[in-house]
1. Just to be sure before I move on: is B:Lys263 farther than 30 Å from B:Thr42 by Cα, in contact (Cβ under 8 Å) with a residue 24 or more places away in the chain and basic (Lys, Arg) in the structure I sent?
2. Taking A:Val80 as the residue in question, decide whether it is modelled with pLDDT of 95 or more, part of a loop (DSSP other than H, G, I, E, B) and either surrounded by 20 or more Cβ atoms within 10 Å (Cβ to Cβ) or touching a Cys at 6+ places or on another chain (Cβ under 9 Å) (or both).
3. What strands (runs of 3 or more DSSP E) lie completely within region B:267-362 and have 1 or more residues being hydroxyl-bearing (Ser, Thr, Tyr)?
4. Please go through region B:24-37 and give me each residue that is in contact (Cβ under 8 Å) with a residue 24 or more places away in the chain and either within 11 Å of chain A (Cβ to nearest Cβ) or open to solvent by less than 10 Å² (accessible area, probe 1.4 Å) (or both), ordered by number.
5. Within region B:273-295, is even one residue farther than 18 Å from B:Leu239 by Cβ, of a type in the set (A, V, I, L, M) and either in contact (Cβ under 8 Å) with a residue 60 or more places away in the chain or within 14 Å of chain A (Cβ to nearest Cβ) (or both)?
6. Restricting to strands (runs of 3 or more DSSP E) lying wholly in region A:1-62: which have 3 or more residues that are touching a residue at least 24 places away in the same chain (Cβ under 8 Å), away from chain B (no Cβ under 14 Å) and under 30 Å from B:Pro294 (Cβ atoms)?
7. Restrict the check to region B:168-188 and report whether at least one residue is over 23 Å from B:Ala33 (Cα atoms), in contact (Cβ under 8 Å) with a residue 60 or more places away in the chain and of a type in the set (Lys, Arg).
8. Which residue is farthest from A:Ile58 (Cα to Cα), if the candidates are limited to region A:111-134 and must be touching a residue at least 40 places away in the same chain (Cβ under 8 Å) and open to solvent by 60 Å² or more (accessible area, probe 1.4 Å)?
Amino acid sequence: MDANKGREVKEGFRYTDKHEWIKPDGKGNALCGISDFAQNSLGDIVYVELSASPGSTISAGDVIAVVESAKAASDVYSPVSGKVLELNSAIEDAPETVNKSPYDDGWFIKLELSDTAELEKLMTPAQYTDFLAAGG
Amino acid sequence: MGKRTPLYEKHLQLGGRIVDFAGWDLPVQYTSAIEEHMAVRTNAGLFDISHMGEFSVKGKDSQQYLESLVPTSFSKLEDGKGMYSCLCNAKGGIIDDLFIFRITEDDFYLVVNAGTREKDFKWLKSRLEGDVVLEDLSDVTAKIDIQGPSSKAILQNVFSGVNLDKLERFHFTYSKFNGSRIMISNTGYTGEAGYELFINPETAGALWDILLEKGKPFNLIPCGLASRDSLRLEACYSLYGHELNENVNPVEAGLSWIVNSDKNYTASDILRKVKAEGPGRRIVCLEIKEKGIPREGYRVMYEGADIGHVTSGGYSPVLKKGIAFALVKTGIVKTGSDVDIVIRDKNVGASVVKRPFYSFNG
């Protein structure tokens, strides 16, 4: 078996202890999604419902989506506060994209960050790697 | 740490993700629950079902004793054949569903659920009467299920001395594997043709390995509990603790067909009455019309009124939509009716459909 399966951590991202990621573009906006660990733990994702509405302002910890896997339904939380710019409706039509490409095509929402300092509270790739090694 | 089957190490080697099920450490999936599901529908899948319980009932009064406990007629049961039935309490509620195999007229083999094994054994023991010897063989029995259209060909390769063409559905036979006796029954819980293999724990690992090896050309893969659950739900097989429990009787559970004995048995008066008059609530099959996955406990609404709840729900890889069993009040909906399932405070449209979602393929 591939020992790294479900454990990929990408540089340039920040991570939460609930296995969401955020990827700032350096211009005040960012994409959010769920980590490789999260998609692998969920198993086959069969349905995604993006509950955040474009234009609305959300806080860190707000539910932005519900992901249904073959086993269970799980909430996805926003890692930071901001204004919702865009939803990736492609993952609603093809939920398996989240399994196949959690860090790229499988992003959930695009945010305009309220406070870039919030990013500093999240785990760096190195910290998240350690977090996973310690059992997630 | 839960109890481990003799195949626990195999599951780890195969990358199985281990979860707790009824106190057992078992693989929920190896690679993908949907892939495993479809492998059983199109080729074949291998399941470790060693957690289930097996009891022996022997003695000249065995049949009479069993007939006094279950609502199902023994008239079609013959040597070498099994049947599905259930144990009911005094109110007609289901203590467990089980398979009863008749070896001879004074020798029976019962297969019961893992989570109810102790409770069942106590109940059976408390009801002993006449020349009957009851024994729990669960700890000395491993069980491997091979299921799917290719399962016969694979099994025939391993057991060349058994003519599987002659082993009809619900029948069983014995053979030898590595010097140990093995029971092969043409049964299963997936909606596909397939077999259940009962063998001693010491030999189970070697049997598992050779089945995987001989199955490789047929695309046989190991399958976990998640696919077992989605397969049984598509095929509309009840699961104890979900559709079935001590407060639901078999008629309500949609199992009137196993309430057909004309003998006196536990709660026979109650069950005959409810079968004749019709139950006040009944398990129905629901199919989501658009998107959403129904889960156990979700409410079912009809024209704004709460009529019941989902007992099992999930995603059907064959239908590619959410499906569910629901226990609802009778006399309100029928096949074709539109209902709503409340998913996270939202009403999601569903239809009452004919059972099963997936017809037995064998």
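The values are calculated or read from the model by the stated rules, or taken from the named source; none is laboratory data. Keep in mind that this is a model prediction, so the values were computed, not measured. Reconstructed Cβ throughout: ideal geometry from the backbone, glycine too, with neighbour counts over all protein chains shown. All accessible areas refer to the heavy atoms of the entire protein, side chains included, with ligands and DNA or RNA removed. Shrake-Rupley method; radii C 1.70, N 1.55, O 1.52, S 1.80 Å.
1. When the stated conditions are applied, B:Lys263 passes them.
2. Numbers: modelled with pLDDT of 95 or more: yes; part of a loop (DSSP other than H, G, I, E, B): yes; either surrounded by 20 or more Cβ atoms within 10 Å (Cβ to Cβ) or touching a Cys at 6+ places or on another chain (Cβ under 9 Å) (or both): yes.
Criteria met by A:Val80.
3. B:299-302, B:305-316, B:346-353
4. Passing the criteria: B:Leu26, B:Pro27, B:Val28, B:Gln29, B:Tyr30, B:Thr31, B:Ala33, B:Ile34, B:Glu35, B:Glu36, B:His37.
5. yes
6. Those strands (runs of 3 or more DSSP E) span A:29-34.
7. Narrowing region B:168-188 to residues over 23 Å from B:Ala33 (Cα atoms): B:168-186.
Among the residues that remain, those that are also in contact (Cβ under 8 Å) with a residue 60 or more places away in the chain are: B:169-173, B:183, B:185.
Now narrow it down to the ones that are of a type in the set (Lys, Arg): B:169.
Yes: region B:168-188 contains one or more residues that are over 23 Å from B:Ala33 (Cα atoms), in contact (Cβ under 8 Å) with a residue 60 or more places away in the chain and of a type in the set (Lys, Arg).
8. My answer is A:Thr129.
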